[in-house]
Amino acid sequence: MDTTHPGYEDFTTHFSTLISTMPPPFMYINDADAIQTTIAVIDNVLNHLSSAPGPSKISYARADAIACFSARLLYESIINSLASWTPQWEDGAVNWGADNGVKWNDTFDGFVHGLRAVHAYLGKGKEKEGDVRLVIVVERAERLIPELMVPLTRLGELARVDLCVVFVSEAPWETIRPPLGTSPDPYFFDIPPPTKEDIVKHLISKYSSHPPLKPLYTHFITTLCDVCYPFTHDPHELAYIAAARWPGFVKPVVDANKRDMDLDADSDSGEAFQPPSEETRMRLSRLFNPSLSLALDALYPRLQNATDWAKANEPPPNLLDNPPTNIKTALPSGEKEAGITSLPRLSKFILLASFLASTNPPKSDLRIFGRGLDEKKKRKRRASGKPTKTKGGVTKVAQRLLGPTSFTLDRMLAILGALLEENDVDSRIHRHASEFSIPGEETDMEISRVGVYAAVVELTSMRLLTRTSAVDRLDGPPTFRAAVGYEMTLCLAKELDVSLGDLFWEVM
Amino acid sequence: MPGGDAPNLDDISQTTFYIPYKPDVSKPTRSRLPESQYQERDFTEGPDLRLAAYRKAWTKCFDRLQTIIHNLQTPVVAAVVEEVHRSYTDILPGLPYPELPVICITDPIFGSSFLTELTNQLELPEDTPDSLFSQKTFVTHLHPPDCGNISSAMKSIVNGFVERETTLGKVKRKPATSLANYDITLLSTWYKALCEAEDFDAESRPNLVVFLHEFEQFDPIVMQDVFYICSTRIPDLPLVFILSTSSPTTSWLHTSYSRATLARLRVRRFALPSGAKILEDIILKTFFDVEFEPDVMIGPANIQYLQDYFTRYDSSLDKVLTILQLIHLKHFSSDPLTVLIHATPGVTSLSRPTSFNFIDSLAERLYAPSTQTPSETHAEDWRSITIPSLIKSIDEARTSFRSRARGIRVAFGFINLVQCFMVLQGYKGLGWGQQISLCDVFVDILEGSLEKDIKYLSIMVRKLRVEQLRGLLEEIQLYFTNIPTEEEAQAQIASLQSILPNDDVSLSELRGQVATGLSDWLIGYLNSRLTPLEESPLWDIWYTGLTPFPSELLNPSVRASILSGLLRPHDFAERDNESEEEDREVGLWELPDTSILFKRYLDSGKMINVYDWFESFKTVLETQAEKGKSSSGRGTPKKQKGKGKGKQKAVESEPGEWEGEEEEEEKWKLEVQARFMRAMQELDYLGFLKHTGRKADHVLRLVFDVND
C-alpha cells in the first residue's frame, strides 16, 4: 500500500487494520526520531482509507497542536476539516455550519455538539444513519493546551459517536499524561528509529531526475548515510545534507558529459547521459567523502543553509581532469565571528570583562587584578594551584564547562577598569591631560562615563550580554551574564592585544 | 483632586500632591537665544543672524551627509530587495521540505535610515519606472511589543496583510462564527482570493514580507511558534521574513533558537558596511572632496574627537551626525564674528551705535599685523578705516579663505591620486587607508605636517618607468581637467606630457627629465597648496581650528559630574552677571540645601546619625537666614546669590510677615525640617544613602574618597 516509506510496513498494516475495523477511542503514537516521516505515513494511510470504497466511510482531521494555540483554533480546524469545508474570503470566511447560527467554537460543549452535527451531516445519504467514523489526529500533542488534554482523550465517550482520537508526539505518554488518572490509557504505538537501510531505500526512491545517474545516486546516498547515520536518524536531515552535496558531487560528471556531447555533436548519440564508469565513481568518492562530514558539521546545526552551502562548495570546473587531490571545502565558521571586529573598542573591552566576570569566582578578583602584586607571587599561586587539584575525592568541574555565572554591573566595571588601566591607557587622545594626578584616576573617569553604560545596554540588546535581573528593579546593582563564548573572547583579546592567559583563575 | 486647582495640603489621607506647573502667561517670553561667550563684541541682531547662518551651513552639510549615507547603503538595499523577490524562485532541488525564507540584516551603525530606505524600495508603487521587479510585495511591520504572546503576534501578522487596501475590498466578517483574526488560515483564504481576483500566476504572485524590527528583542519562545506556524503554510503562502538586527554577529540566533526551529528556516545574512572605513568615507566626502565646499571646515581637534568617539564608544551614524551638528552649533554660538560666514551685513546695520563694539573687534582682528609698524602709521591706519572698506576687506578675507580651503582639498585629492597610483603599480605607497587611518591623514594635512609624505612621493615619482609616467600623467591630467581653477597645473602637466618620449624612443635622459620635472613640480605645487588655514585672515570664521569638542556634554562621567555638581553647584547654574568675583571661596551657607547636606555627609563616618546631620544642617540654615536678613537690610542684591532653588522664596518673604515670636519659631522649625527631608531624599535618590535597619536613626554612607 505504501511503498515510499520502507520500514513502516508493520505499523501501516497494524494501524490501518485498527482504523478500518474497531479502533480504540484513543491512540498514542510516539516517535522520537523521525516524526515528520511518521506523520506523513499516518496521513497517507488515512487518506487511503477515507477514499477507499467500502461500507464504513472514514473522515479524518489533522490538527497541529502548535498551530492551534487556542481552543477556538483547534475546534475550528477540526470541524472544518472533518466536514471538508474551506472557508471562502468572499463569504467573510465563515466556518462550517455557521448558516444555522450555531457556534461550535466557543466552548468544549459546543465543540462536542459540532462533532455530532458533522457526524450527522456526513452520515446523510448512507444506508444507516451515522455510519461514518471520525478520526482526529493531533500532531505534536506534547504542546496541546493543558485544559484540552483530558477532554480530548475522552472525546469518544463525550461525543457518543464513532470516533477515534490519535495523538502523535515526540514525547512518550508518561511525560505528558495528565495527573490523577483523569485520562484513559491509550492504545500505544512506539515507532522504532528507522534503520540505515530503510533510510537509504527511502532516499533513493525519492530520486527523480536523470535516470542514467541513478546508480551513481544510489552509491552516493549509501556513502552519505554511512558517514552521517551515527549522528542523526532523521531521514529529513539526511535528505537535506544529500540535497546540498549532490549538485557538487554530480557536477564533474555532468561537465564531462557535456564536453563529450560537444565533441561528438555531429555523431548522433541517442543517450543523453552516459552513466559514469566505475573508475570515475571511485575517484568521485575519494574526492568528496571528506566533505560529507564537513557538510554535516555545517548543515546539521544550520550554521549555513543547504542552498548557500551547495554554492559555496561547488567543485572547480573539470575536476576530474585535475590530479587527484582533496577538494577544499569552504568553512563557514570564520565568518561567524567576523562581525564582532567592527564593534567599538570599549564594547570589546566590556565583553572581555564580562566573560572574565562570568568565569572567575568573585573572590579571585583581587588576586588577579589587584595592583601591587609582583609577578613572582602570581606565578607561585599558579604553580601551587595545580597539585592541590589531584587530591580530594570530588573533582570540581571547571566553571567554563558549567556555563557563565551572573555578576553585578559594579564588579564588571571594576574588572573593566583594571583591564583598561593595563591595556588601553596609551590609546586615549587626552592621555596627557593634566587634571589627573593620581594614577588610575583617568581610568576611573573613563569607566563611569555615560558611553560605558550605554554600551552595556546596547550589548544587552544585541544579546552579547544577558541581563539576569529584572529591568524594572531599581534596587541594587543590575546583574548580567556573559553571552559570548570562549572562542569569541580569545578573538577579542587578540584584537585588543590583551594577554588573556594570566586573567583566568582556572587553567583553560 | 476635590479642591479644584487649590489642593488641600493639610489632607492627611493623601500621601502625595500634584501641583501642576503654571507658566506665567501674562508675559509672552520669547525664547532667548544663548549669548556668545564674547557677548560684549556682539551687535543686537547678532544672535538671530548667526542662528540663520548656522541653519544654512548645517543644512548644506547635512544634505551632503545624507547623500553619502544613502550611497553607502544602496547596494545592500538592492541586494535585499532582490533576495525578497527571488525567495521562492531560487530553490535548491531535492530538499526534503520547503524552507521558510528568512533574511537576516546585520546593521550595527546605519539604524533607521537604512530601514526606511529598504521599506520604501520594497513597497514601491506599482508603475515606478526604476523598480527592477514587476512583482509586487506586501510588507507588514512588527515590533517587539506586538509580539508579547503567540496570539497577538499572529494577529499582527494576519491583520497586517488582511486589512490593507486591495482590489478585494472589505468583506464584513462575523467575528463569532468565522475564522479568528489570529488564524493563519484566514490569511491563506485572503491570499487565495487575492490571487484569483488579480489573476496572479505562480510567477507574478506577490510575496508577503514580514518585517521584524529589532529582532533581538522578540521573545524566542513566541517567535519559534510563529516560525513553525508560518512554515507549515509555505509555499502556498509565500511568506518572507526580514529580521533587522543590530548585533554584529548572528551566533545568538543559534543560542536563542532551537535546532528544530532553525531547521525550518533558510537564513540568509546581509551585513551593512561597518567599521572605521565608513567614518573615513564620510569625512573624506564631506570635507575633503573637490566637488563639495563645506561652509564650515572642521579642525584637527574635532576630527580626532570624532574618530576617537566612533572607534571607542559608539559607531552609529546618528552619533556622527550629532557630533557634526554640535560642532556647527558650537562654532556659531561662540564667536560673534561667525555671522560673517556667508555674507557681510550692510553698511546701515553696521553703522548703528550698537554695532560699534563688533566693528572695533573686527578692525582689531583685520589690522592687527600692522601693530608691528611704528605707532604713528598705526594711528593713521586706524583713522583711515571706514565701514565700507571694512566690508570690502571681510569679503576679500572670505574669498581668500575659500580659495585656500579649496586648494587644500584639490591638493589632497591629487596626493591621494598619486598615492593610489603607486599602490596599484605595486609600490609601497603611503599606506593611507591601510596602516594609517585616513582620519590621521586629514589631521596631518590640516596641521601642515605632511612634508615627509610629499617628499617620499616625489622620490617615488622620480623612479617611475616611462609607461608608468605616462599613465600617471594621464590620470593627473584627467583629474585637473575637472577642476577649472587649476589652469596652471593643467598647463604644467600638458607640457610634461609633450616632452615624454614615445615607447620606441625611450631615452633615459628624457625620462629622467620628465620624472624630475614632475617630481619638482609636485613638491612645489603641494607645498604651495597645503598651507595651514590659520594663516588666512579671519580664519576662525570658517574654520574650527584647534577648538576642542565639548566632549563632556556628550559623554560625561556620571559619578564625577554628580559629585562636582553637588560640590560646586554654582559652576553649573547660571550666575548673575554682576557678581564678578568668580574665584571667591563660596561659603557653606551660600550653597543650595542638597549641597549643604552633602558637604556634611562627606565629613561623616561610615554610618550617619540622621539627627546629628539634621542639627548641623539646621545650624547652617540659621547662618543663612541671618546673613540673608543682614544683606537684605543693606539692600544689596547679594541675597540672591546665597539662594539655592525656588525653596528660598519662602525665606525671602518671611521677614515682613513676622508676627509672634513663637509662631514664627514654629514655622521656621517646620521649614527647616521640610528642607532637610527634601535634601536628604534627593541624596537618597541619587544613590548616596542606604537605609539599613541595623541601627536606629542611622543611614549608611555609600560614597567615599571624594576629594573636593
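Rounded, prolate or oblate for the stretch B:112-218? Axes are the square roots of the Cα gyration tensor eigenvalues, ordered a ≥ b ≥ c, and the cut-off for rounded is a/c under 1.5.
Values: a/c = 2.39, a/b = 1.08, b/c = 2.20.
The shape class here is oblate.
Hey, which of these cross-link pairs are over 21 Å Cα-Cα: B:60/B:319; B:599/B:627; A:103/B:174; A:311/B:277; A:363/B:695?
With Cα atoms farther than 21 Å apart: A:311/B:277; A:363/B:695.
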Q.
Using the basic label-point model (7 angstrom from Cα toward the beta carbon), what is the residue A:32 to residue A:214 distance in nanometres?
A. 3.7
Q.
Which of rounded, prolate or oblate describes the stretch B:48-92 when judged by the alpha-carbon gyration tensor and an a/c cut-off of 1.5?
A. prolate
**Q.** Three-way shape call for the stretch B:384-502 based on the alpha-carbon gyration tensor, with the a/c threshold at 1.5
**A.** oblate
Q. What order do you get for B:230, B:439 when you list them from fewest to most C-beta neighbours inside 10 Å?
A. B:439, B:230
Q) Residue separation times 0.36 nm, minus the C-alpha to C-alpha distance between residue B:616 and residue B:166: what's the value? A) 154.5 nm
Q | Proximal charge balance of residue B:160 [Cβ under 13 Å; K/R count +1, D/E count -1] | A | -2
Q. Can you give the extra length, in nm with one decimal, that the chain gains between residue B:357 and residue B:120 once fully stretched, where that is 0.36 nm per residue apart less the Cα-Cα distance?
A. 80.0 nm
Q) What is the order of B:332, B:227, fewest Cβ neighbours within 10 Å to most? A) B:227, B:332
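Based on other C-beta atoms within 10 Å, arrange B:359, B:69 from fewest to most.
Working: B:359 17, B:69 21.
Ordered from fewest to most neighbouring Cβ atoms within 10 Å, B:359, B:69 come out as B:359, B:69.
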**Q.** Estimated inter-spin distance, residue B:63 and residue B:561, nm [label 7 Å along Cα→Cβ]
**A.** 3.4
Q) Using θ = phi - 60° and the Karplus curve 6.51 cos²θ - 1.76 cosθ + 1.60, what whole-Hz ³J(HN,Hα) does each residue of the stretch B:76-90 get, with Gly and Pro shown as x? A) 5, 4, 4, 5, 5, 4, 5, 4, 4, 6, 8, 3, 10, 9, 9
Q: Can you pull the one-decimal nm distance between simple spin-label points at residue A:398 and residue B:10, each 7 Å off the Cα toward Cβ?
A: 7.5
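Laboratory data are not the source of any read-out in this text; all were calculated from the coordinates shown. For clarity, every value in this text was computed on a predicted model and none was experimentally measured. All Cβ positions, glycine included, derive from the backbone under ideal geometry; neighbour counts span all protein chains shown.
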